[in-house]
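Student: Please see the structure below; I have some questions.
The values are calculated or read from the model by the stated rules, or taken from the named source; none is laboratory data. Keep in mind that this is a model prediction, so the values were computed, not measured. Cβ placement follows ideal geometry from the backbone for every residue including glycine, while neighbour counts extend to all protein chains displayed. Just the protein is used for accessible areas: all its heavy atoms, side chains included, with ligands, DNA and RNA removed. Shrake-Rupley method; radii C 1.70, N 1.55, O 1.52, S 1.80 Å.
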Amino acid sequence: MMAMVNLSLPAPAKSPSRPPPKLSSQSSVPLSVNRSVNFEPLRHRLIKHLDAGHLHKAISTLDVMASHNAHQDLVTYSLLLKACIRSRDFQLGKLVHCHLTESKLELDSVLFNSLISLYSKAGDWTKAREIFESMGNKRDLVSWSAMISCFDNNKMSFEAILTFLYMLDNGFLPNEYCFTAVIRACSTSEFFPIGEIILGFLVKTGYLDFDTNVGCALIDMFVKGNSDLESAFKVFDKMPDRNVVAWTLMITRCTQLSYPSGAIELFVDMVLGGYMPDRFTLSGIISACTELESESLSLGKQLHSWVIRSGFASDVCIGCSLVDMYAKCTIDGSLDDSRRVFDRMENHNVMSWTAIITGYIQCGGCDMEAIELFCKMIEGPVLPNHFTFSSVLKACGNLSDSRTGEQFYAHAVKHGFASDDYVGNSLISMYAKSGRMDDAQKAFESLFEKNLDSYNTVVDAYAKNLDSEGAFELFHEISDFGVEVNAFTFTSLLSGASSIGAIGKGEQIHARLLKSGFQSNQCICNALISMYARCGHIEAAFQVFNEMALEIFHEMLKAGIRPNEITYIAVLSACSHAGLVSEGWEIFKSMHKEHEIAPRMEHYACMVDLLGRSGLLREAIEFINKMPCTPDALVWRTFLGACRVHHDKELGEHSARMILQQDPHDTAAHILLSNLYASSGQWEDVARIRKNMKERNLIKEAGCSWIEVDNKIHRFHVADTSHPQVQEIYDKLDEMALKIKGLGYVPNTDFVLHELEEEQKEQFVFQHSEKIAVAFGLITTSRPKPIRVFKNLRVCGDCHTAIKYISMATGREIVLRDSNRFHHIKNGTCSCNDYW
């Protein structure tokens, strides 16, 4: 239980030092005479001043009476305290408390509760608790509610929840005010689970069904504590008596959780329901317009017109939202409309100044104008806040003008923002953008309290200054301190890895972000694609893209956006590369069933590729035979490629014949069919096809591989001996042949498409152009640089296998780009999963 302070009355507050009011000559009468004076007129005067809202005059009257040792009754003191609280004049309230203490009156629970509320709103929770603990058995439900609210208002959630539990232990049943206060205290991720328990208790009491304040507190708890708009909407829909405050709250929370369309729908329902939006509603809905992807400016202008018609044109809060809306929704990059709204505002506050300054910075290329506006601002009566200083420091960073930034930072220090995180992080970023990383590091180390934003700022700074080692050291420091990283951290680290081609570090980060559950984040996916592509691991980049495409497709459907033919080609292709057969079937069937899109030949080819890649050749041929249209050469060529990979001569022969029926001059079909026959030793059929090609003047393109070394291209053909370093190349080939055979490599002579002796075939297959190019790469490049080889035709199966073994034997990464795809080979495995 709470420790009880043994006090009958609270200690008097220190009275403000001011001269006592001059009294009439009667004040010089001895005290004994004064006691017989009738002070009833003064009491009436005090009440009259209170009724008229003249609080200072009422307090002056109280001073006069106190100077004659005459005091008001408890009711009058209660009225005075409540007036001070309403006007937020807490110093006057403390003066009333001082008079009350001097009066020696025994306080009732009403006055005690007013005093708790006074000190709570004044931010003095220690004094409020002291008064609460002094009440003893005079505590009532209002006392407990006031104390819970006090702790919540002072961001002491744990103490607020604990007080609520103490209240229950003392036999008090909570009312709507107690529930509202404790639910507000649970509106953080830390205490949200407790809030869910309290919600169960609340439902049993029935307050949820009729109290608007409780409903609003619950909406905030779900949104702030768990980012759960769905549950917030359930609470909102259950509220029987929604007022403008409830509508405005729901609109604002939709915008904050990136659901602006929901905010717009709520606003329309609100207006149709007969509710009149106030200035806070209009400010919130204008802010929602800035988050819309389309039609935002048009809708914003309509709302601007409504604001003018409703008489809110001079409202500062709405003006700030309009300035921000026009700045963010500008089509041509012009800030003329935003500036026009700003210039027409009758009064400016720190928010309006910050909004226009930030607008100039965000539009790009207008940082100088932002700095000029800031200079104009500090010449006037409005003082900048930490957001204003943060913005202007960003402008200095964009201009690489750290000297001016340092002057502005000196102003920030004078205004008491030296330890502010926003200002400190912007200072770090400014130094980094100005190339002063040592100063950026010093600014980081001098931060009063480092949070995730601070770490992210300096990690990003190191990454952009090509110091990935520094970025990764800080990342490990973050992990050591137990700070949860976010998407921005991973994006910065991936950028740092890609800037220096450190694919190993990039892969480590990829593994970490998968464990952290960020694999679906769009910014991270983009950074992963960029990292893998810049590091030469194109297949990995494609894999991320494919997974991302599927994720976006499902989000697209949930959002009610109708896919088109192109969307389905991209998604089915992604399913094919990812091997998602069942999902591919489901998506293909949904084309016509759910969206009435007739599949085109490209869609059928994607499905054939999906089935063929998975080795489902019989299902693929059945699918082709059941097509409602005649399969074209693209479909059959896709199927023929799958037959070649899976060594199905019968189906491959059928598909080749179907291609040649449609296009007798299709060189690729002739070659693939010839290769199928050669691999099964049908040399007469091979000869027949080659004769047929010769008669039709169909020329097979000669295989050629090339590699770039020291900015020079080196080309090789099969059994090539024309290169100046030919002896070194073939020596390296012989060396590799021995090594990889020792690791288990067995030459596949099926890929020798000539009728030769087996030993000759083995020698011939090891002289393919891609193997020669790899051997040249081994003697002319060194670790850790990957060997990058390009080939004009599809890589043969034996070369693919041999190069995987070579990567194992040498520890080298080999990137081979053939006519069909990239092959990123490392430690004996290929990114294509042996399908190409």
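Student: Please verify whether Lys224 is in a helix (DSSP H, G or I), at pLDDT below 90 and closer than 26 Å to Thr163 by Cα, treating the condition exactly as stated.
Tutor: Details: in a helix (DSSP H, G or I): yes; at pLDDT below 90: no; closer than 26 Å to Thr163 by Cα: yes.
No.
Student: Answer with yes or no whether Leu616 is crowded, with 19+ Cβ neighbours inside 10 Å and either within 27 Å of Val795 (Cβ to Cβ) or not small (Gly, Ala, Ser) (or both). Give the steps one after another, and end with the answer.
Tutor: Details: crowded, with 19+ Cβ neighbours inside 10 Å: no; either within 27 Å of Val795 (Cβ to Cβ) or not small (Gly, Ala, Ser) (or both): yes.
So Leu616 does not fit the description; no.
Student: Continuing with the same structure: Looking at the range 384-411 only, could you name the residues that are open to solvent by 10 Å² or more (accessible area, probe 1.4 Å), among the hydrophobic types (A, V, I, L, M, F, W, C) and closer than 22 Å to Arg339 by Cβ?
Tutor: Correct list: Phe387, Leu399, Phe408.
Student: Let me ask something else. Of everything in the range 232-256, what is in contact with a Phe, Trp or Tyr (Cβ under 6 Å, 6 or more places away or on another chain) and open to solvent by 30 Å² or more (accessible area, probe 1.4 Å)? Give them in sequence order.
Tutor: Residue satisfying the conditions is Val244 alone.
Student: Within the range 305-323, can you find the residues that are open to solvent by 40 Å² or more (accessible area, probe 1.4 Å) and either of a type outside the set (Gly, Ala, Ser) or more than 12 Å from Val341 (Cβ to Cβ) (or both)? First the steps, then the outcome.
Tutor: Going through the range 305-323, the residues open to solvent by 40 Å² or more (accessible area, probe 1.4 Å) turn out to be 305-306, 308-314.
Correct list: Ser305, Trp306, Ile308, Arg309, Ser310, Gly311, Phe312.
Student: If you scan the range 201-219, which residues turn out to be open to solvent by 60 Å² or more (accessible area, probe 1.4 Å) and aliphatic (A, V, I, L, M)?
Tutor: Within the range 201-219, just Val203 meets the criteria.
Student: Given the condition within 27 Å of the chain's Cα centre (by Cα), open to solvent by less than 50 Å² (accessible area, probe 1.4 Å) and of a type in the set (D, E, K, R), answer yes or no: does some residue in the range 257-271 qualify? Can you show your working first?
Tutor: Start the filter on the range 257-271 by keeping residues that are within 27 Å of the chain's Cα centre (by Cα), which leaves 257-267.
Filter again for open to solvent by less than 50 Å² (accessible area, probe 1.4 Å), leaving 260, 262-264, 266-267.
In the following step, the residues that additionally are of a type in the set (D, E, K, R) were identified as none.
No, the conditions are met nowhere in the range 257-271.
Student: Is at least one residue of the range 222-229 open to solvent by less than 20 Å² (accessible area, probe 1.4 Å), over 24 Å from Val142 (Cα atoms) and hydrophobic (A, V, I, L, M, F, W, C)? If you could, list the steps in order and put the result at the bottom.
Tutor: Quick first cut of the range 222-229, residues open to solvent by less than 20 Å² (accessible area, probe 1.4 Å) only: 222-223, 225.
Cutting the leftovers down to over 24 Å from Val142 (Cα atoms) gives us 222-223, 225.
So of that shortlist, the ones also hydrophobic (A, V, I, L, M, F, W, C) come out as 222-223.
Within the range 222-229, one or more residues are open to solvent by less than 20 Å² (accessible area, probe 1.4 Å), over 24 Å from Val142 (Cα atoms) and hydrophobic (A, V, I, L, M, F, W, C).
Student: Go through the range 180-200 and give me each residue that's under 26 Å from the mean Cα position of the chain (by Cα) and open to solvent by 40 Å² or more (accessible area, probe 1.4 Å).
Tutor: Step one: list which residues in the range 180-200 are under 26 Å from the mean Cα position of the chain (by Cα), which gives 184-193, 195-196.
Listed by number, the residues that qualify are Arg184, Thr188, Ser189, Glu190, Pro193, Glu196.
Student: Further question on the same structure: Name, by its number, the condition in (1) farther than 21 Å from Thr330 by Cβ; (2) charged (D, E, K, R); (3) outside any helix (DSSP H, G or I) that does not hold for Glu291.
Tutor: (1)
Student: How many residues does the range 632-659 contain that are open to solvent by 40 Å² or more (accessible area, probe 1.4 Å) and within 49 Å of the chain's Cα centre (by Cα)?
Tutor: The qualifying residues number 6.
Student: With respect to the numbered conditions (1) surrounded by fewer than 20 Cβ atoms within 10 Å (Cβ to Cβ); (2) assigned to a helix (DSSP H, G or I); (3) touching a helix residue (DSSP H, G or I) at 6+ places or on another chain (Cβ under 9 Å), which one is the sole condition not fulfilled by Ala598?
Tutor: Of (1) surrounded by fewer than 20 Cβ atoms within 10 Å (Cβ to Cβ); (2) assigned to a helix (DSSP H, G or I); (3) touching a helix residue (DSSP H, G or I) at 6+ places or on another chain (Cβ under 9 Å), only one is false for Ala598: (2).
Student: Oh, and also: Answer with yes or no whether Thr281 is open to solvent by less than 30 Å² (accessible area, probe 1.4 Å) and either part of a helix (DSSP H, G or I) or in contact with a Ser or Thr (Cβ under 7 Å, 6 or more places away or on another chain) (or both).
Tutor: Yes, satisfied.
Student: Would you mind stating whether Ala678 is within 27 Å of Thr801 (Cα to Cα) and open to solvent by less than 70 Å² (accessible area, probe 1.4 Å)? Walk me through how you get there before you give the answer.
Tutor: Working: within 27 Å of Thr801 (Cα to Cα): yes; open to solvent by less than 70 Å² (accessible area, probe 1.4 Å): yes.
The answer is yes for Ala678.
Student: For the subset of the range 145-165 comprising residues that are assigned to a helix (DSSP H, G or I) and free of Cβ contacts under 8 Å to residues at least 12 places away in the same chain, which member is farthest from Thr126 (Cα to Cα)?
Tutor: Leu165
Student: Of the residues that make up the range 556-573, is at least one surrounded by 16 or more Cβ atoms within 10 Å (Cβ to Cβ) and modelled with pLDDT under 80?
Tutor: Scanning the range 556-573, I find no residue that is surrounded by 16 or more Cβ atoms within 10 Å (Cβ to Cβ) and modelled with pLDDT under 80, so the answer is no.
Student: Out of the range 560-598, which residues are aliphatic (A, V, I, L, M), out of contact with any Pro (no Cβ under 8 Å at 6 or more places or on another chain) and over 30 Å from Asn833 (Cβ atoms)? Working first, answer last.
Tutor: Pass one, the range 560-598, residues aliphatic (A, V, I, L, M): 561, 566, 569-572, 574, 578, 580-581, 587, 591, 597-598.
Add one more test, that the residue is out of contact with any Pro (no Cβ under 8 Å at 6 or more places or on another chain), and what stays is 561, 566, 569-570, 572, 574, 578, 580-581, 587, 598.
Answer for the range 560-598, where residues must be aliphatic (A, V, I, L, M), out of contact with any Pro (no Cβ under 8 Å at 6 or more places or on another chain) and over 30 Å from Asn833 (Cβ atoms): Ile561, Ala598.
Student: Then there's this: Given the options Lys82, Lys94, name the one that is assigned to a helix (DSSP H, G or I), without any contact (Cβ under 8 Å) to a residue 60 or more places away in the chain, under 52 Å from the mean Cα position of the chain (by Cα) and within 24 Å of Phe151 (Cβ to Cβ). Before the answer, list the steps.
Tutor: On the way: Lys94 fails: without any contact (Cβ under 8 Å) to a residue 60 or more places away in the chain.
Only one candidate passes the filter, namely Lys82.
Student: What residue, of Tyr177, Tyr119, is over 15 Å from Met221 (Cβ atoms), hydroxyl-bearing (Ser, Thr, Tyr), open to solvent by 20 Å² or more (accessible area, probe 1.4 Å) and part of a helix (DSSP H, G or I)? I'd like the intermediate steps shown before the answer.
Tutor: Working: Tyr119 fails: open to solvent by 20 Å² or more (accessible area, probe 1.4 Å).
Exactly one of Tyr177, Tyr119 is over 15 Å from Met221 (Cβ atoms), hydroxyl-bearing (Ser, Thr, Tyr), open to solvent by 20 Å² or more (accessible area, probe 1.4 Å) and part of a helix (DSSP H, G or I), namely Tyr177.
Student: Quick one: would you say Ser305 is part of a loop (DSSP other than H, G, I, E, B) and either of a type in the set (Asp, Glu) or out of contact with any helix residue (DSSP H, G or I) (no Cβ under 8 Å at 6 or more places or on another chain) (or both)?
Tutor: Values: part of a loop (DSSP other than H, G, I, E, B): no; either of a type in the set (Asp, Glu) or out of contact with any helix residue (DSSP H, G or I) (no Cβ under 8 Å at 6 or more places or on another chain) (or both): yes.
Answer is no for this residue.
Student: Residues in the range 582-594: is at least one in a loop (DSSP other than H, G, I, E, B) and open to solvent by less than 40 Å² (accessible area, probe 1.4 Å)? Quick ask: steps written out before the conclusion?
Tutor: Step one: list which residues in the range 582-594 are in a loop (DSSP other than H, G, I, E, B), which gives none.
For the range 582-594, residues in a loop (DSSP other than H, G, I, E, B) and open to solvent by less than 40 Å² (accessible area, probe 1.4 Å): absent.
Student: Moving on. Asn697 fails exactly one of the following numbered conditions: (1) open to solvent by 30 Å² or more (accessible area, probe 1.4 Å); (2) on the phi < 0 side of the Ramachandran plot; (3) out of contact with any Ser or Thr (no Cβ under 6 Å at 6 or more places or on another chain). What is the number of that condition?
Tutor: (2)
Student: Taking the range 552-573, which residues are part of a helix (DSSP H, G or I) and in contact with a helix residue (DSSP H, G or I) (Cβ under 8 Å, 6 or more places away or on another chain)?
Tutor: Ile552, Phe553, Met556, Glu565, Thr567, Tyr568, Ile569, Ala570, Val571, Leu572, Ser573
Student: Continuing with the same structure: Please work out which one of (1) farther than 23 Å from Arg788 by Cα; (2) open to solvent by less than 50 Å² (accessible area, probe 1.4 Å); (3) over 54 Å from the mean Cα position of the chain (by Cα) is the condition Arg688 fails and give its number.
Tutor: (2)
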